[in-house]
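**Student:** Quick one: the structure is below, questions incoming.
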Amino acid sequence: MEVGMVVAAVFAVFTGFNDAGAQVGLGTRARGLPPLAALALLATAVAVAPLVVGTAVAATLDGRLVAYPGGDGRTGLYVGVAVAVAVTVGLGWRGLPTSLTLALVGGIAGAGTGGGGDVSWPVIASVLAAAAAAPVAGALVAGAACRLVRGLPHVGTAGIRLRWLHIAAFSAGCVAYGANDGQKVLAVYFATRDGTRHGAADLAPVLVLLGVCFLAGGLAGLPRLAAGLGGMLTPTRTDTLVATELTGASVVLGTAALGSPVSMTQSLAGALIGTGLARGTRRVRWRGVLALGRAWLFTLPLAYGLAALANATIGALS
């Protein structure tokens, strides 16, 4: 297996380890969705969604952020990926769970600056604007969604219907992740091919491999599921989980249609805050909200600075 494919596969494993905890951990807080089944559904969406809804987000991460002289940006890509992983692990070790997507955007842009590439600042600005808007939109929409779900009649088989609605909402969230946030693994693969694109038939085996790697990483991270977003930000019930998942899916799918990468974690976090506010401000664990906010604020500039320094140093030594 060539070096580029190895890099993409390893990054897919880390993405599964890092990302699955928030979404699967949240989805399994209600009965009816076993962790292994939820993880398998999310990994399947990573492999299948790009074939169904397109690869606009992967194209943004791969070709629209940075243009390198001569077109070969593989070194910068490798530096950006390595820095994104290091920043995510470092902040997580400090107790600040963060967005791998933001770290990757910062790492790619920083490596481009350090390597003499042409960084598209309008695209960076649009990514930042979408990242800032996603949790706010999630909070606003989730409040209404929570009231709507809570208004369902709670008689007879209402509990069973709510559990089935939860499974449907979680499935929609998986599709949204595969259409947007999960495409960062595909973007890394594209970048290792010097921007070469493939048709759906050629891309399918690659997506299957990346989906399997994502699943392996998620399996390794299953013990971390108990530390999911739900308990960190607000107490959760089945009705609030349904509202959260439906809101997160709608926000992330909407940004995917624009080709703008948005973290599923950010959208879900905003939706959780919205469902908490719908039940009263005391339902929100503001200390957890502030911790997430600090992590998101530091992630992209930290990754940008480290990647720019690293790639400039590599260039000076080569």
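**Student:** Long-range amide H contacts for Val66: which residues qualify at under 5 Å (H placed 1.01 Å from N, peptide plane, sequence gap of 5 or more or a different chain)?
**Tutor:** Ser120
**Student:** Using a ≥ b ≥ c from the Cα gyration tensor of the stretch 33-103 (square roots of the eigenvalues), is it rounded, prolate or oblate, where a/c under 1.5 gives rounded and otherwise the larger of a/b and b/c decides, a/b for prolate?
**Tutor:** It comes out oblate by the Cα gyration axes.
**Student:** Helix 286-317 sits at what angle to the longest principal axis of the chain, using alpha carbons and giving 0 to 90 degrees rounded to 10?
**Tutor:** Roughly 10 degrees between the two axes.
**Student:** Using unit Cβ charges (K, R positive; D, E negative) and no other charged atoms, how large, in debye to the nearest 20, is the dipole of the chain about its Cα centre?
**Tutor:** Taking the Cα centre of the chain as origin, the dipole is about 1440 debye.
**Student:** Same structure, new question: Would you mind telling me which residue in Val136, Val52, Val212 has the biggest mean-square fluctuation in a Gaussian network model of the chain, where springs connect alpha carbons within a distance under 10 angstrom?
**Tutor:** Val52
**Student:** Is the chain rounded, prolate or oblate when judged by the Cα gyration tensor, a ≥ b ≥ c being the square roots of its eigenvalues, rounded requiring a/c under 1.5 and prolate requiring a/b larger than b/c?
**Tutor:** Since a/c reaches 1.5 and a/b is larger than b/c, the shape of the chain is classed as prolate.
**Student:** Follow-up question, since we're still on this one. How far is it, in nm, from the label point at Ala204 to the one at Ile160 when both lie 7 Å from their Cα along the line to the Cβ?
**Tutor:** Inter-label distance under the simple model: 3.8 nm.
**Student:** Can you find, among Leu277, Ala303, Val10, the residue sitting farthest towards the positive end of the charge dipole of the chain, where Lys and Arg contribute +1 and Asp and Glu -1 at Cβ?
**Tutor:** The Cα lying farthest towards the positive end belongs to Leu277.
**Student:** Another one. For the chain, what is the calculated [θ] at 222 nm in deg cm²/dmol (nearest 500), taking -39500 (n - 2.57) for each run of four or more DSSP H residues and dividing by its residue count?
**Tutor:** The helix contribution divided over the chain gives -25500 deg cm²/dmol.
Readers should treat all values here as calculations from the given coordinates under stated rules, not as data from a laboratory. Keep in mind that this is a model prediction, so the values were computed, not measured. Cβ coordinates were reconstructed from backbone atoms using ideal geometry, including for glycine residues, and neighbour counts include every protein chain displayed.
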